[in-house]
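The values are calculated or read from the model by the stated rules, or taken from the named source; none is laboratory data. Worth saying up front: this structure is predicted, and the values here are computed from it rather than measured. Please note: Cβ atoms are built from the backbone with ideal geometry, for glycine as well, and neighbour counts cover all protein chains shown. Heavy atoms of the whole protein, side chains included, go into the accessibility calculation; ligands, DNA and RNA do not. Shrake-Rupley method; radii C 1.70, N 1.55, O 1.52, S 1.80 Å.
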2 protein chains.
Amino acid sequence: MKIDSVRFLADIDELGTIGYREGQGITRLALTDEDVRARDWVQGRMEEAGLDVRVDAAGNVIGRLEGADPAGKTMVIGSHLDTVPQGGKYDGSLGVLSGLECARNLIEADVKLPWNLEIINFTDEEGHHFAGTFGSRAMMGSAAREELYGVKETGAPSLADSFQRVGLDPTRIDEARRDPSEFRGYLEMHVEQGGTLEERGIDIGIVTGIVGIYRYVIEVEGQANHAGTTPMASRKDALVAAAPVFGLLPEWARARSDEMVATIGDVTVSPGAMNIIPGHCRFTVELRSIDAEDMARVRDRLDTWLDDNIRSALMKTVYEKDGVYLDDVLMSHIARGSRRSGVESVAMPSGAGHDAQSFAPYVPTAMIFVPSRGGISHSPDEYTDPEHLVNGVRVMMHTLLSLAEAEGQED
Amino acid sequence: MKIDSVRFLADIDELGTIGYREGQGITRLALTDEDVRARDWVQGRMEEAGLDVRVDAAGNVIGRLEGADPAGKTMVIGSHLDTVPQGGKYDGSLGVLSGLECARNLIEADVKLPWNLEIINFTDEEGHHFAGTFGSRAMMGSAAREELYGVKETGAPSLADSFQRVGLDPTRIDEARRDPSEFRGYLEMHVEQGGTLEERGIDIGIVTGIVGIYRYVIEVEGQANHAGTTPMASRKDALVAAAPVFGLLPEWARARSDEMVATIGDVTVSPGAMNIIPGHCRFTVELRSIDAEDMARVRDRLDTWLDDNIRSALMKTVYEKDGVYLDDVLMSHIARGSRRSGVESVAMPSGAGHDAQSFAPYVPTAMIFVPSRGGISHSPDEYTDPEHLVNGVRVMMHTLLSLAEAEGQED
């Protein structure tokens, strides 16, 4: 069995014309006209391939190929076709199209897997409307009803409004929910969105887990005053008080684990004049790690440091979302699939969120990363070499076959 | 000889109505209608007191009282009646009105000093048009001709335009210049604009010098990148690179001298998002000290630290203006004047600039500070207790008399 690399690459290119503008990349915000065109296009491709296609109550487009035992479990290969504003043509699309290509190969080779296979395009992974990964969370029952009506500062419509616009009934959202025990597993191929694979010259990343994200805003009060007439000893300088954290936080994260990251991405000093002592300093803190204990420890260390050193500091939680570890069995089959495809692989965490994250707490889940040139994503400059794309879908195919073999039911 | 405290305080209050708006303090930007009203008002008061009044080529309003030897030297008591936008009623005004009150007392008591006395309202101390302390620098020959035509970002007119509007000829500016050897000295009473006198419960500050100001903008380049997918070891975080300076600079200043101050008043991080590693960090540095060596040492230490630690750092000089030491002899007479007035005094530097700074390099110069409540100035909340105001003018009077005695020529 060989995948049809020309067909697969042509699909990527064709899908990449939907929502594309010269110099501005691809804009297919979830459930806008551009996204609807992409949804219709992939539905057509799935039908052409011979899949049974349906759209569930969350707007997820599902192409199903029955396995040896139609009443048995189902393997999902999924991702999303929506993009950020001015995004690239690989993020999300690869996951859906790699699944489609695998399904076409299985059909053409008349191979029946021991499970049904579902190729899914999930709704609003990028969070155009509200919180992101909506469709996959709706399927796992972890999307809150309120998300349908929430509105972001960007002025995007609510999900409920967009649902109605495209002919979906937001009151029936619970019908998208499925019992996790239906599923044998969840697989997703995605661009790395970081530079590790490229730097190390490795073709395939086997994702060990998806990082959690904790976000905080810290406000430090000092006292604004004349920078000429206020002696150093009389100052309450909010920036000087806060500054040690800017260096300490990265150290604390590195001391916990190589895989943890901590970022102070924004600092604002008020009133912000050359000749006025900073009366206020606001800064953001973001922690990411798969390991919830690492996250809690660094957060607590920050909290304690602020308590001990800056009486006036106020630490506000923006949100705390825990990471997930992916499935060891599926990971081992991706490793075997890589060897069979003749490419090198390495285990690595995912620093960004994905639909896989919605499934991982409930269903054995794994992800295949392919290199991102320059580590760039969410940008018109997002690029992955065609050879890497083809390697990725080959590994996906061999992963399915390896697992099927191991489970002794391949037909 | 007793000063007339009721008259002096009434003058301050009456002048304080010109340019005043409820809740917005006083706005008398140099050479605007409000400032012209104040200039006319003080000219009238000087004439009523019996002074010979003239306006020089820089617009300085000069009230002259001849001494025992009209051909001899002249003592100046000066400051300014212009204000910042929404300023207070003490900054500048005290210096002019304290001189006026001393002159009235000398006239009423028929006391002739060994020098002529000139009470001067200098033009545009606050720098509404361009660089500040214009009138006093024009008198000392240290104002550049270009300052007449320079325009600030605020959109204020050029000095030349304002000169013409009020009937002054900007091409004759050099005629305001006087030979420093004409002057026996320069005295200025001013609000402290800091909180030291109030905190220590002392009535009079004897100014030892006026700080120089060095200002820099520092730009640090890093590399903006995804805060989730870029491992700590691969980052070029401009904020993390710059942050140690935020703590070190104040330490370096304190290590040099108790009187030196160093301020990082503004920090900007770009792109400034929670989930993006700072690619750029810009911050301001301001140093103030009377001592030029202290200034140069801390500047050099900063420069060296940046060179050694942040290859991408660029340090741009905004300006470097050296400080001045004031005159020991005049200072000792202010101390004696304080004792004779029954008030406590303390030697202290001035952290802000004044017209005295223009005279100090050329003419023996001294300043008398009175307390600022809460250290606040350049604000509608600027306030000095009437008792402190009266103490200040008493000390000014006794300083003149003490110096006159010492010079053995009092009539």
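Tell me which residues, restricted to the range B:288-331, are over 30 Å from B:VAL363 (Cα atoms) and assigned to a helix (DSSP H, G or I).
Residues of the range B:288-331 over 30 Å from B:VAL363 (Cα atoms): B:300-316.
B:ASP300, B:ARG301, B:LEU302, B:ASP303, B:THR304, B:TRP305, B:LEU306, B:ASP307, B:ASP308, B:ASN309, listed by residue number.
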Quick one: in the range A:209-228, which of the residues that are within 10 Å of another protein chain (Cβ to nearest Cβ) and of a type in the set (Val, Ile, Thr) is farthest from B:SER372 (Cα to Cα)?
A:ILE210
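Filter the range A:310-326 down to the residues that are under 21 Å from the mean Cα position of the chain (by Cα) and either open to solvent by less than 40 Å² (accessible area, probe 1.4 Å) or of a type in the set (Lys, Arg) (or both), then identify the one that is nearest to A:VAL240 (Cα to Cα). Step through it out loud before you land on a result.
Let us first name the residues in the range A:310-326 that are under 21 Å from the mean Cα position of the chain (by Cα), namely A:318-326.
With the extra rule that they be either open to solvent by less than 40 Å² (accessible area, probe 1.4 Å) or of a type in the set (Lys, Arg) (or both), the set shrinks to A:321, A:323-324, A:326.
Details: A:LYS321: 31, A:GLY323: 33, A:VAL324: 37, A:LEU326: 42 Å.
Among those residues, the one meeting the criterion is A:LYS321.
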Does any residue in the range B:121-139 that is closer than 18 Å to B:LEU97 by Cα come within less than 6 Å, Cβ to Cβ, of a residue that is of a type in the set (A, V, I, L, M) and modelled with pLDDT under 95 six or more places away or on a different chain, and which pairs are these?
B:GLU126/B:VAL84
If we scan the range A:286-309, do we find a residue that is facing chain B (nearest Cβ under 7 Å) and either farther than 30 Å from B:LEU197 by Cβ or open to solvent by 20 Å² or more (accessible area, probe 1.4 Å) (or both)?
yes
Given the structure, is B:ILE62 of a type in the set (Val, Ile, Thr) and under 24 Å from the mean Cα position of the chain (by Cα)?
yes
Selection within the range B:371-405 - within 18 Å of the chain's Cα centre (by Cα), surrounded by fewer than 22 Cβ atoms within 10 Å (Cβ to Cβ) and away from chain A (no Cβ under 14 Å):
B:PRO380, B:TYR383
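Answer yes or no: is there a residue in the range B:331-342 that is open to solvent by 20 Å² or more (accessible area, probe 1.4 Å), more than 22 Å from the chain's Cα centre (by Cα) and without any contact (Cβ under 8 Å) to a residue 12 or more places away in the chain. If you could, list the steps in order and put the result at the bottom.
Restricting attention to the range B:331-342, the residues satisfying the condition of being open to solvent by 20 Å² or more (accessible area, probe 1.4 Å) are B:331-332, B:335-336, B:339-342.
Applying the additional criterion that residues be more than 22 Å from the chain's Cα centre (by Cα) yields B:336, B:339-342.
With without any contact (Cβ under 8 Å) to a residue 12 or more places away in the chain added as a condition, the list becomes B:339, B:342.
Yes, the conditions are met somewhere in the range B:331-342.
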For the range A:188-207, check the following and say yes or no: at least one residue is among the hydroxyl-bearing types (Ser, Thr, Tyr) and either touching a His at 6+ places or on another chain (Cβ under 6 Å) or surrounded by fewer than 21 Cβ atoms within 10 Å (Cβ to Cβ) (or both).
no
Take A:ALA255 and tell me if it is free of Cβ contacts under 8 Å to residues at least 60 places away in the same chain and facing chain B (nearest Cβ under 8 Å).
no
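Is it the case, given these coordinates, that A:GLU108 is over 21 Å from the mean Cα position of the chain (by Cα) and surrounded by fewer than 16 Cβ atoms within 10 Å (Cβ to Cβ)? Quick ask: steps written out before the conclusion?
Working: over 21 Å from the mean Cα position of the chain (by Cα): yes; surrounded by fewer than 16 Cβ atoms within 10 Å (Cβ to Cβ): yes.
Answer is yes for this residue.
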Of all residues in the range B:229-248 being surrounded by fewer than 22 Cβ atoms within 10 Å (Cβ to Cβ) and within 18 Å of A:LEU287 (Cβ to Cβ), which is nearest to the other protein chains (Cβ to nearest Cβ)?
B:MET232
Going through the range B:174-211 in order, the residues found to be touching a helix residue (DSSP H, G or I) at 6+ places or on another chain (Cβ under 8 Å), over 30 Å from B:VAL261 (Cβ atoms) and not in a helix (DSSP H, G or I) are B:ARG177, B:ARG178, B:PHE183
Only one of these is at pLDDT 95 or above and outside the structural domain of A:ARG39 (by TED's automatic domain parsing): A:GLU188, A:GLU221. Name it.
A:GLU221
Would the range B:149-167 turn up any residue that is open to solvent by less than 10 Å² (accessible area, probe 1.4 Å) and within 14 Å of chain A (Cβ to nearest Cβ)?
no
Please verify whether the range A:199-207 includes one or more residues that are closer than 24 Å to A:THR123 by Cα, more than 7 Å from every other protein chain (Cβ to nearest Cβ) and touching a residue at least 24 places away in the same chain (Cβ under 8 Å).
yes
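Among B:GLY44, B:GLY59, B:GLY67, B:GLY23, which is the only one that is open to solvent by 10 Å² or more (accessible area, probe 1.4 Å), assigned to a loop (DSSP other than H, G, I, E, B) and assigned by TED's automatic domain parsing to the domain that holds B:SER142?
Details: B:GLY44 fails: assigned to a loop (DSSP other than H, G, I, E, B); B:GLY59 fails: open to solvent by 10 Å² or more (accessible area, probe 1.4 Å); B:GLY67 fails: open to solvent by 10 Å² or more (accessible area, probe 1.4 Å).
Sole residue among the options that is open to solvent by 10 Å² or more (accessible area, probe 1.4 Å), assigned to a loop (DSSP other than H, G, I, E, B) and assigned by TED's automatic domain parsing to the domain that holds B:SER142: B:GLY23.
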